[in-house]
Amino acid sequence: YQGLYGGSELPGVLRSSPGAHEFLIATGYRAIDQVVVLQRDLAGFRPPVDRRAISLRRRVSTVVTADPVGRTWWEACTRSSLDVTRYELLLAETGRVTAALTTVALHALSTTWGVTAAGIVEFAVEPEYRRQGHGLLLLSDVLKQLAQERMGLVEVQTMVHNTAARNLYQKFGFQPIDEGVVYRRER
């Protein structure tokens, strides 16, 4: 179950939903955060060239796990019926995971959208490896893999204030398509 809209994650209430925001405010909710929903067409995908990623390629490997076991009760309940793939970037000398990303096939939306689609969820780079090309390299590998699997579209969501993530997605040609507002009920 992916909330009211489907998609890669739970975006809150989309700005494109007429009347929903006024209704929520009138019934005691207040906006506490914003999410940006981004999409990227994979037709003709070419990863950006980055010298850090080229240098890093010799020291890491990408491990792909199809249908990984849920790490939490919530994850097992919400994703057990979905096609999930986990990608991890590992340092060759230590085997340490420096970055990880999970994709979910969006079969129901693919039918509606008329194109096979996947959502990116849980994309994280370990703090000591940030801004060194690890996230860029992993995202390049994942998008190449999805394009080879004939995925036509990829969706990702991130908080509006997460400028590092938004800048990375922009490098890869992701375009904002909507925004979500996260609400909390006042007591």
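List of remarks:
- Net +/- balance of residues flanking ARG86 in space, Cβ distance below 10 Å, scoring K and R +1, D and E -1: -2
- Among 38-44, 176-182, 14-20, 134-140, the peptide with the highest mean count of other Cβ atoms within 10 Å heads the list, and the full ranking is 134-140, 176-182, 38-44, 14-20.
- Net charge of Cβ neighbours under 14 Å - reference ASP41; Lys, Arg +1; Asp, Glu -1: +2
- Here the sum of -39500 (n - 2.57) over DSSP H runs of 4 or more residues, divided by the residues of the chain, equals -7500 deg cm²/dmol at 222 nm, to the nearest 500.
- Sum of side-chain charges, ARG184 neighbourhood, beta-carbon under 12 Å (Lys, Arg +1; Asp, Glu -1): +1
- Among (1) 1, 8, 15, 18, 17, 12, 8, 4, 3, 3, 3, 2, 2, 1, 1, 0, 0; (2) 1, 7, 15, 19, 19, 17, 11, 6, 3, 1, 1, 0; (3) 1, 7, 12, 15, 21, 20, 10, 5, 3, 3, 2, 1, 0, 0, 0, the entry derived from the coordinates for P(r) over Cα pairs in 5 Å bins from 0, in percent: (2)
- Each Lys and Arg Cβ is given +1 and each Asp and Glu Cβ -1; about its Cα centre, the chain then shows a dipole of about 560 debye.
- Neighbour cut-off at most 13 other Cβ (10 Å), DSSP loop, GluC sites (Glu not before Pro), segment 43-147: GLU93
- Folded to 0 to 90 degrees: helix 134-148 orientation relative to the chain principal axis, Cα: 80
Each value in this text was obtained by applying a stated rule to the coordinates, not by laboratory testing. This one's a predicted model, so the numbers in the text were calculated from it and none came from an experiment. All Cβ positions, even for glycine, are placed from backbone atoms using ideal geometry, and neighbour counts span all protein chains on display.
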